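Below is one structure; the comments refer to it alone.
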Amino acid sequence: MVICPVCGTEYIDTSPEFCSVCNWNLTSDTTFPSIAEIYQQKEEAKLNWARQMWQIVQKHKNQNGDNNTINLPFAQVDKINHDQNNGDLKRQLDRLQAQLDRGAMERFQLHSQLEWVLYRLEQLNPEILTDTLYRIEENLNAMATPEAPMSEVGIDYNPLINLLAAGKWRKADELTWELLLQVTLREDEGWLQLVDIENFPCTDLLTIDWLWEYYSNGLFGLNVQQRIWESVGGQYGDFCDRVGWRDGESWKYYDELSFNLQAVEGHLPVIIWRRRACYGVGKMMAPETFFALISRLAICSR
């Protein structure tokens, strides 16, 4: 019987070369009986690292796929409509994450196999070991890590990610508005037309929404705002009351908003107005702009 040392899968009748579950090379010797002590320690450390990575991957899958519940709000049980609108996006993100996890495991296995080859080479020709190790290490370090596509028009979202990760919510909101103008080539005008929103690139719109939801742990985001909008029957005044853009009959100015995690749900980002919640931007009124925005989001989420 063969047992995979990483994921624990048992093979009773067959002895495959690679584990069918985690793809670990089952032909490698994990007992290290005849290897020098230093190399044995290295191999044992790698095997332990692979086990830990496997546990992390399984934990991620359990949280994001098996029971259909994740830390982000768009999979909560009481948000059925919200889930339906974002099911495709979640599955795409899950597939991308699975590809990244699989790529990381494959690169680790390659690195382990190369080191094993180097160990064998050392037994045959110790003089060339150092130079060979240096060249292989350079090649491994040069291997690019694949990243999920985030923009259809070449927008760099890393500055937004950095601000959101650091909890700099106001700067992130201001940058989000600037990015919307960059995507639609409306930087000189400083406002969006209806046609700009109706043709906004889906990848970019979903990326912006996902980043806001992820880094706020579900407190902020366009999908959160869409759900609240639907819950109040598309009444803009009631919507602004719910997201904290209006207090009674007093419409808030931008400087009066709460740029922190103590804000109410859906408080950010602010896309449909910039100065005061009762005003729109450019030639469109705020309710008209918001309806166009969530309509585009619904189309992109299908």
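The values are calculated or read from the model by the stated rules, or taken from the named source; none is laboratory data. Remember, it's a predicted structure, so these values are computed and weren't measured experimentally. For neighbour counting, all protein chains shown are included, and Cβ atoms are generated from backbone atoms with ideal geometry for every residue, glycine included.
Remarks
- The residues on offer are GLU178, GLU187, GLU152, GLU174, and the sole one that is more than 30 Å from GLN113 (Cβ to Cβ), in the same structural domain as LEU268 (by TED's automatic domain parsing) and modelled with pLDDT under 95 is GLU187.
- Qualifying residue in the stretch 196-215 (condition: touching a helix residue (DSSP H, G or I) at 6+ places or on another chain (Cβ under 7 Å), over 25 Å from THR184 (Cα atoms) and not β-branched (Val, Ile, Thr)): no
- Among (1) part of a loop (DSSP other than H, G, I, E, B); (2) in contact with an Asp or Glu (Cβ under 8 Å, 6 or more places away or on another chain) - the single one PHE200 does not satisfy: (2)
- Restricting the stretch 203-262 to residues that are in contact with a Pro (Cβ under 7 Å, 6 or more places away or on another chain) and either free of Cβ contacts under 8 Å to residues at least 24 places away in the same chain or not aliphatic (A, V, I, L, M) (or both) leaves a set whose member that is surrounded by the fewest Cβ atoms within 10 Å (Cβ to Cβ) is THR203.
- Residue match in the stretch 278-293 (condition: aliphatic (A, V, I, L, M), part of a helix (DSSP H, G or I), surrounded by 15 or more Cβ atoms within 10 Å (Cβ to Cβ) and in contact (Cβ under 8 Å) with a residue 60 or more places away in the chain): yes
- The listed residue being in contact with a helix residue (DSSP H, G or I) (Cβ under 7 Å, 6 or more places away or on another chain), under 22 Å from ASP209 (Cβ atoms) and in the same structural domain as TRP177 (by TED's automatic domain parsing), out of ARG274, ARG246: ARG274
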